[in-house]
Amino acid sequence: AALFRSPVAGSLHALMADHVVRGRIIFPGAGYLETARAACSAATSSAAGAALSGVFFLQPLALEEGGAAWVECALLDSGTFEVRSGSGEAVEAVHCSGHWAAADAAAWRPLGLAAMRERCCNVADTSALYAAFSAVGLQYGPAFRALEAAWECGSEATARLRRRSSLAGTQVHPADLDNALQSTALLRRDGASQETRLPFAVDSVLMRGPAAGVLWALASASGADAADVALGSDGGIGKAQLDGFRTRTMRSAAGTARE
């Protein structure tokens, strides 16, 4: 139905340069979601934003010299989308897939920021959080270290993000959405993994822009290994709503291909 392509070199590379995993610049899962949102919004012109569902993050994309020359988002007539990469005219890998549609305004839930801030009264140490991320290979640079302050209360957490001076051509900046996903690490789970974990799947996503000004992330456990995540403005307006977000241990390329 539509195809949008961007070269890796230049502004896209600069946008993702601080998302470093095990010493390599890795295209973040939040970046795939913003890519799909932008393509969907361009195709539908819905004021309520984009609705994505059944999203899977299939394999990481390393942005490095000699690698992929471009990234594209294909909206297929079947109602599915694929974010994929390649060189020349050949598609070499599909990194993210799911279903796309225009969002229904009624599907957006109230952000509930004030109520969660009342419940989450335990101050979290964001410096310790980023140190823990670094210890397992998530070596975020400054752009992806935007959690300015955070609070948790067991199965819920909320965080205030540092105000971003520019959206750099995006509507929901990938680093801001990534920081909202980072806040799920504050949810207490017994036997938390010490391995490098990357986004694996999300059941449903709503996104709309612009997500500017002071932003807040809200996270709540929704199962043994899943969380619901929201990103919204200081005024309580939701900009991203993710239900059933899950991560998994980062695997080797060969292991990913076999799966």
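The values are calculated or read from the model by the stated rules, or taken from the named source; none is laboratory data. Predicted, not measured: the structure shown is a model, and the values here were computed from it. Ideal geometry is used to build each Cβ from the backbone, glycine not excepted, and the neighbour counts take in all protein chains shown. Accessible surface areas use protein heavy atoms only, side chains included; no ligands, DNA or RNA. Shrake-Rupley method; radii C 1.70, N 1.55, O 1.52, S 1.80 Å.
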task: Go through (1) farther than 22 Å from A240 by Cα; (2) exposed (fewer than 15 other Cβ atoms within 10 Å of the Cβ); (3) not β-branched (V, I, T) one by one and return the number of the condition G79 breaks.
output: (1)
- request: Taking the options A211, A150, name whichever one is open to solvent by less than 20 Å² (accessible area, probe 1.4 Å), modelled with pLDDT of 95 or more, in a strand (DSSP E or B) and not β-branched (V, I, T).
  value: A150
message: If I filter the stretch 22-40 for residues that are open to solvent by 10 Å² or more (accessible area, probe 1.4 Å), of a type in the set (A, V, I, L, M, F, W, C) and more than 22 Å from L138 (Cα to Cα), do I get at least one hit?
response: yes
- request: Among the candidates S134, S165, S183, single out the residue that is open to solvent by 20 Å² or more (accessible area, probe 1.4 Å), part of a helix (DSSP H, G or I) and either of a type in the set (S, T, Y) or free of Cβ contacts under 8 Å to residues at least 12 places away in the same chain (or both).
  value: S134
- prompt: Considering the stretch 49-59 alone, what residues qualify as being at pLDDT 95 or above and of a type outside the set (F, W, Y)?
  reply: G49, A50, A51, L52, S53, G54, V55, L58
task: Among the numbered conditions (1) on the phi > 0 side of the Ramachandran plot; (2) open to solvent by 10 Å² or more (accessible area, probe 1.4 Å); (3) not basic (K, R), tell me where G49 comes up short.
output: (2)
message: Where the second residue is of a type outside the set (K, R) and surrounded by 15 or more Cβ atoms within 10 Å (Cβ to Cβ) and the first is free of Cβ contacts under 8 Å to residues at least 40 places away in the same chain and closer than 17 Å to S11 by Cα and lies in the stretch 58-82, which pairs have Cβ atoms under 6 Å and are six or more apart or on separate chains?
response: L61/F27; L61/S85; L61/H95; A62/I26
message: Within the stretch 231-240, take every residue that is in a strand (DSSP E or B) and in contact with a helix residue (DSSP H, G or I) (Cβ under 8 Å, 6 or more places away or on another chain) and give me the one that is farthest from L198 (Cα to Cα).
response: G232
